[in-house]
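Undergrad: Sending over a structure as structure tokens; questions will come in a sec.
The values are calculated or read from the model by the stated rules, or taken from the named source; none is laboratory data. It should be emphasised that the depicted structure is a prediction, and the values quoted were computed from it without experimental measurement. We place every Cβ from the backbone using ideal geometry, glycine too, and count neighbours over all the protein chains shown. Surface accessibility is based on the protein's heavy atoms, side chains included, excluding ligands, DNA and RNA. Shrake-Rupley method; radii C 1.70, N 1.55, O 1.52, S 1.80 Å.
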Amino acid sequence: MKKTVSVIGSGTMGSGIAQIAASHGCNTRVYDINEDSLAKSKSNLEKILNRLIEKGRIDVKIKELIQTHITYTTDLNSIKDSDLVIEAIVENFDIKKSLFTKVEALVSDDCVIASNTSSLSITSLAATLKNASRFIGIHFFNPAPIMKLVEVIPALQTEQAIVRNVKSLVDSWGKIVVTAKDTPGFIVNKVARPFYSESFKIYEEGMATPLEIDTAMKQVGGFRMGPFELTDFIGHDVNYKVTETVWKSFYYDNRYQPAFCQKNLVEAGYLGRKSGRGFYSYPRTEADQESKISEDRMNAITNRVSIMLINEAADTLHRNIASRDDIDTAMTKGVNYPKGLLKWADELGIEECVRRMDILFDEYHEERYRCSPLLRKMARKEETFY
């Protein structure tokens, strides 16, 4: 039987999720209060499908079939026969709460209600429903049709049958599904924080420039983009907000503390590529992309950022937020890391990981550099992750 999937929100993420569902045969509704946004979503899908035809990925019949599977509407009542509703609107708890109250009043008792939130508590959102057991987090990554990873996050109240059914459905859409405990940032947005924050700290200390750090992380670390060009691409308003939300949600643990250099950019309106200026000015010149940093300095930068990432991944496993395999899969498939961080830890040696963390702690005496208890325990027992 065909599933009926309704997506609330016709922005980039909502449109992408709708494209995925429709491409896999689901009757798909896209709801938004803004008619212009819906028209843009429909027009963009037409362009995307035409490009796929040009590349030989689909033919005209498939394009027409996908389009017949999607309905665009400003009438919320049209979602009432949905099997699954996925919310993909602004990251504001009160607005989402109001929406879920309306959705629950319309849909059947069997309909699963989900949020694509990247930073809000799934358990808190579930609690806004009369029947919280049918609520779940389904976190896609942008651009949703291209990025393979999807984080599935059960609320404390979610029925296990719903978790199994949602994972099976998303898996049938050709996605790689990982499961995360409802914890701030889930897997990716928690584990990835040091990629940004430690790089910003290195910059604020005057150890290296943004270009030098980006160069080191790409040439030595093997990352596709450096932290400064990546946050310029994401948008500093978006990236800073996620960092701030995770920091506050972890009771102001300074491992997740936002950086003043990024806060200043947001306050100045220098949001990155979309505003024409962030850490870099756009369009970038060739001279703006040439760095003469030495190999020793590149190694020092990469070692510091990578050990903080490894420590965060180990902490995520230590807290039972996700499994070993799901953590490494999330970071390689969700944010294109060159290798799984726990595999990286094994390559370095667990004792070496502990040693590097202790050097940082001895230097700074800040709690952000505390070594994960799991790494210490494994070093003592001479264990590895794999």
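Undergrad: Quick one: would you say residue 310 is open to solvent by less than 20 Å² (accessible area, probe 1.4 Å) and in contact with a Phe, Trp or Tyr (Cβ under 7 Å, 6 or more places away or on another chain)?
TA: So residue 310 fits the description; yes.
Undergrad: So which residues in region 52-70 are of a type in the set (S, T, N, Q) and over 13 Å from residue 19 (Cβ atoms), if there are any at all?
TA: The one that is of a type in the set (S, T, N, Q) and over 13 Å from residue 19 (Cβ atoms): 68.
Undergrad: Against the condition assigned to a helix (DSSP H, G or I) and at negative phi, how does residue 33 come out, does it pass?
TA: no
Undergrad: Quick one: which of 291, 275 is among the hydroxyl-bearing types (Ser, Thr, Tyr) and at pLDDT below 95?
TA: 291
Undergrad: Looking at residue 147, is it surrounded by fewer than 20 Cβ atoms within 10 Å (Cβ to Cβ), part of a loop (DSSP other than H, G, I, E, B) and assigned by TED's automatic domain parsing to the domain that holds residue 265?
TA: no
Undergrad: Are any residues in region 103-135 open to solvent by 10 Å² or more (accessible area, probe 1.4 Å), outside any helix (DSSP H, G or I), closer than 28 Å to residue 250 by Cα and among the aliphatic types (A, V, I, L, M), and if so, which ones?
TA: Within region 103-135, 120, 127, 129 qualify.
The rows are residues; the columns are (1) at pLDDT below 95; (2) within 19 Å of residue 107 (Cβ to Cβ).
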residue	(1), (2)
122	no, yes
131	no, yes
135	no, yes
143	yes, no
151	no, no
158	no, yes
165	no, yes
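Undergrad: Looking only at region 237-252, decide whether some residue is on the phi < 0 side of the Ramachandran plot, at pLDDT 95 or above, open to solvent by 60 Å² or more (accessible area, probe 1.4 Å) and among the aromatic types (Phe, Trp, Tyr).
TA: Scanning region 237-252, I find no residue that is on the phi < 0 side of the Ramachandran plot, at pLDDT 95 or above, open to solvent by 60 Å² or more (accessible area, probe 1.4 Å) and among the aromatic types (Phe, Trp, Tyr), so the answer is no.
Undergrad: Name the one entry in 112, 163, 188, 152 that is under 24 Å from residue 246 (Cβ atoms) and touching a Lys or Arg at 6+ places or on another chain (Cβ under 6 Å).
TA: 152
Undergrad: With more than 25 Å from residue 309 (Cα to Cα) and surrounded by 15 or more Cβ atoms within 10 Å (Cβ to Cβ) as the only criterion, which of 270, 280 stands out?
TA: 270
Undergrad: In addition: Could you grab me the full set of residues in region 303-355 that are in a loop (DSSP other than H, G, I, E, B) and in contact (Cβ under 8 Å) with a residue 60 or more places away in the chain?
TA: Across region 303-355, the qualifying residues are 319, 320, 321, 322, 323, 335, 336, 337, 338, 339.
Undergrad: Tell me which residues, restricted to region 82-96, are under 17 Å from the mean Cα position of the chain (by Cα), of a type in the set (Asp, Glu) and not in a strand (DSSP E or B).
TA: 91
Undergrad: Right, something else. I need the full set of residues from region 1-38 which are charged (D, E, K, R), farther than 15 Å from residue 76 by Cβ and modelled with pLDDT of 95 or more, in order please.
TA: Across region 1-38, the qualifying residue is only 36.
Undergrad: Working only within region 193-226, note down all residues that are open to solvent by 20 Å² or more (accessible area, probe 1.4 Å), part of a loop (DSSP other than H, G, I, E, B) and under 17 Å from residue 335 (Cα atoms).
TA: Selection gives 222, 224, 225.
Undergrad: In addition: Please work out if residue 181 is surrounded by fewer than 19 Cβ atoms within 10 Å (Cβ to Cβ) and in a helix (DSSP H, G or I).
TA: no
Undergrad: Test each condition in (1) over 24 Å from the mean Cα position of the chain (by Cα); (2) assigned to a loop (DSSP other than H, G, I, E, B) for residue 71 and report the one that comes out false.
TA: Unmet condition: (2).
Undergrad: If I ask for residues that are among the aliphatic types (A, V, I, L, M) and surrounded by 20 or more Cβ atoms within 10 Å (Cβ to Cβ), which ones from region 3-48 would you list?
TA: Those that are among the aliphatic types (A, V, I, L, M) and surrounded by 20 or more Cβ atoms within 10 Å (Cβ to Cβ): 5, 7, 8, 13, 17, 18, 20, 21, 22, 30, 45.
Undergrad: Does residue 82 meet the test of being among the hydroxyl-bearing types (Ser, Thr, Tyr), surrounded by fewer than 20 Cβ atoms within 10 Å (Cβ to Cβ) and within 24 Å of residue 135 (Cα to Cα)?
TA: So residue 82 does not fit the description; no.
Undergrad: So which residues in region 72-120 are in contact with a strand residue (DSSP E or B) (Cβ under 9 Å, 6 or more places away or on another chain), modelled with pLDDT of 95 or more and among the small types (Gly, Ala, Ser)?
TA: 78, 82, 88, 114, 115
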